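Engineer: Structure below; questions to follow.
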Amino acid sequence: MSNIFQKRFQLQLLFALVAAISVAALTIELVASGIRHAEGFVLTDTKRTLTHAIQELDREYGLRRRGETSRGDTSWANLPLTARDLTLQAISRTVLASYPGVEGGFWLSSQFAGYSYPTHDGGSPKVDVPAAERSAIEGVIREAQLDGKAERVLRGKHDLIVISAAFETGEPVASWAMKRLPGQAEPAQRRESILLAALVAAALLGAAGVLATGVGLNRGVEEITSGLAALQRNLEPALPIRHDELGRVSAAINEMARTRRRLEAEIRREDRARAIGRMIGRIAHEMRNPLNSIRLSLQMLAQRQQHNRLHSDDFRMVIDEVDRMNRLLSDLLAFQQPRPPKIEPAAVSPVLEECTQLVTPQALRQGVNLVVADDRGQTALFDREYFRQIMVNLILNAVEVSRHGESVNIRSAASSGDVSIEVSDQGPGLTPEQQEHIFEPFYTTKSTGHGLGLAVSRELAQSMGGTLYFRPEARPGATFVLQLRNLRGD
């Protein structure tokens, strides 16, 4: 079975692997995307931090300038740029020490001054403006000259750079600050967006592939299951012809069903041959008894004829024994070589009424009541002569085992899509051992029977596509059921 499903199973594994890898990668990408989305919150917080740092730089510079102005001190304006740079550097170092990762300073006389990066962890203090971002910082300062305040976010290869600048009110001095954040460059983002879309498509493709193969496999299994159910009901091979791995399964099961029917036919022939061997002995025994009776009767008739004491009743025994042999031979011929059935759709009620009328005289002689509960709307597929022979045999058997005043109940009804005709008596019933052998040829519970009636009846029922079986009852008596197909063939 593993070889048959190998290709489909490998395909399913491939789809499942693609789907699993895609879902895992998609999960990782979504986590990373979530981290990148959190970048916006980090940028907002960083801009706020830089704004506070610049405001504090402005405030400290303003306090120094206002103090000098109040004292009438003009030394600041007369200081050389180098000295002013050292002074401003002390201010920025003091202020930015409270802002980890922030570097910055002032813009004075169109030059950078007072640059400081007090929290730099490179091993040595930085003393000059970063060359890579110098032009960008100057651009932000020029924007601040026009608007009073400006900020910009730069995306490097491996990080984000936030720059803010603002001019002190009433002063030609600008304060600026910058901070680096871990991030990704725009080309990398585009690549990840493409990768994300590819992962989503691969996951959907893998899921669709698994679903499609699963649906196809499930549909094939359902068809095979329904076909197996039909085979269990002894119908013709019903498994569909498929052009995939399951088609090989269907073909194998159909071939197995044909082989099974062939073997069953051979077994039935062998069983019939063995039954014939057993019947020969039973037939010899059954025919010897009436022949002996006929011989004795003829001897007695010869003696009476010599004394002229013959009467018409003296021939009754001979005639009865001949009739007995004739019935035996008729049942034997019906059992051995039944004619092909003429199965036609017909109403059950009229034929069942004929059968009860044929048995009514015998029932009246024994004082047995025939009670018929017939649903006149039932129709079935059967051979009228076969049906009549079966029902007359069942009703006669029920009448023979019934006592005076008892009833034989005959009922027809629909059951599970079939039509069932039941014949029940109130006699002694059958023991478990008798129930096991009741349909065997030449097995009988009656002293005058030859044991072919029920065997022939079951053969006739099966030839019509029906069944004849004994149904055990809790109450005294016996019930035999003839089950026939209805017009729809359910």
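Here, each number is a calculation from the coordinates, and none is a lab measurement. Keep in mind that what you see is a predicted model, and the values were worked out from it rather than measured. Cβ coordinates were reconstructed from backbone atoms using ideal geometry, including for glycine residues, and neighbour counts include every protein chain displayed.
Engineer: In percent, how large is the relative contact order of region 398-465, given Cα pairs closer than 8 Å and 6 or more residues apart?
Structural biologist: Rounded, it is 21 percent for region 398-465.
Engineer: Would you mind calculating the relative contact order of region 341-490 from Cα pairs under 8 angstrom and at least 6 residues apart, reporting the percent as a whole number?
Structural biologist: Relative contact order, region 341-490: 25 percent.
Engineer: Then there's this: I'd like the FRET efficiency for S416 and E266, computed as 1/(1 + (r/R0)^6) with the beta carbon distance as r and R0 of 30 Å, rounded to 0.05.
Structural biologist: Calculated value: 0.45.
Engineer: Would you order E354, E133 from fewest to most other beta-carbon atoms within 10 Å of each residue's own beta-carbon? Walk me through the numbers before you get to the answer.
Structural biologist: Numbers: E354 13, E133 19.
Least to most surrounded, the residues fall as E354, E133.
Engineer: Can you say what percent of the DSSP beta bridges in region 365-490, counting only those with both residues inside, are antiparallel? Round to 5.
Structural biologist: Here the share of antiparallel DSSP bridges comes out near 75 percent.
Engineer: Now for a different question. Calculate the FRET efficiency for T379 and R471 from the Cβ-Cβ distance with a Förster distance of 22 Å, rounded to the nearest 0.05.
Structural biologist: Once the sixth-power term is evaluated, E becomes 0.45.
Engineer: Another one. Can you find, among L358, I343, L394, the residue farthest towards the positive end of the dipole of region 341-490? Put +1 on the C-beta of Lys and Arg, -1 on that of Asp and Glu.
Structural biologist: Positive-end residue among those listed: L358.
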